[in-house]
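Student: Dropping a structure here in structure tokens format, bear with me for questions.
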Amino acid sequence: MIAPSRRALVDALATHDRLVEVGIGDRPSVARALARRGCHVVAVDVSPGEDALAAARETRDTAVPGSLRVRRGDVLALADDAPDAVIDDATDDPLADGDGVAVDAVYACHLPAELQRPTVEFARRLGAACAFTTLGFEEPVVPVTRRALGEAVVYVARDDGPGGVASDRE
């Protein structure tokens, strides 16, 4: 079962073809749901969990229309240095567009305050939209637009990537 805030993120981001999830940890529900909808997702974490790795194998081994790849990486480093290094490491990369890596959106679930600025900078460096949910008790520390999506609030920090981020109100 996917939580309402995560379902809202999936609905908001499913219009994007190529996405990066920051801090997947061991919670692959959003990335898995996006892959099942035909999106290509690279999930980045300093320590990806077994459930995330299993979800990536599942998308490879079954008839899932999209893809999910899990990579070890630190958003603090990616915000400052070579953001495509952790992503563009495979031949036939679904995130490549002929001119290198092309990412439509960067997103995160339950993004803590200390990782919000680097995540937004990472998205800016990739020219991608950026959306996230917070830990719930924290307010965003970066400028955002609040999007009410069903029962949840998604914070949109960058809406100028290809396709923007969908909203109930648009």
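Where a number appears in this text, it was derived from the coordinates with a stated rule and is not lab data. This is a predicted model, so every value here is computed, not measured. With ideal geometry, Cβ positions are generated from the backbone for all residues, glycine too; neighbour counts draw on all protein chains shown.
Student: Taking R0 as 41 Å, what's the FRET efficiency between Val153 and Thr62 from their Cβ-Cβ distance, rounded to 0.05?
Tutor: The pair Val153/Thr62 has a calculated efficiency of 0.80.
Student: Given a Förster radius of 25 Å and the C-beta distance between Leu76 and Thr145 as r, what FRET efficiency does 1/(1 + (r/R0)^6) yield to the nearest 0.05?
Tutor: 0.55
Student: How would you rank 108-116, 35-43, highest first, on the average number of other Cβ atoms within 10 Å across their residues?
Tutor: Packing order, densest peptide first, comes out as 35-43, 108-116.
Student: If amide hydrogens are placed 1.01 Å from N in the peptide plane, which non-local residues have theirs closer than 5 Å to the one on Arg71?
Tutor: The answer is Ala43, Val44, Asp45.
Student: According to a simple spin-label model (label point 7 Å from Cα along Cα-to-Cβ), what is the distance in nm between Arg37 and Glu50?
Tutor: Spacing of the two 7 Å Cα→Cβ label points: 3.0 nm.
Student: Read phi for every residue in region 121-138 and hand back ³J(HN,Hα) as whole Hz from Karplus 6.51 cos²θ - 1.76 cosθ + 1.60, θ = phi - 60°, with x for Gly and Pro.
Tutor: For region 121-138, the Karplus curve yields 5, 4, 4, 4, 5, 8, x, 10, 5, 9, 9, 7, 10, 9, 5, x, 8, 9 Hz.
Student: In whole Hz, what ³J(HN,Hα) sequence does region 35-46 give by Karplus (6.51, -1.76, 1.60; θ = phi - 60°), x for Gly and Pro?
Tutor: 4, 5, 8, x, 7, 10, 10, 10, 9, 10, 7, 5
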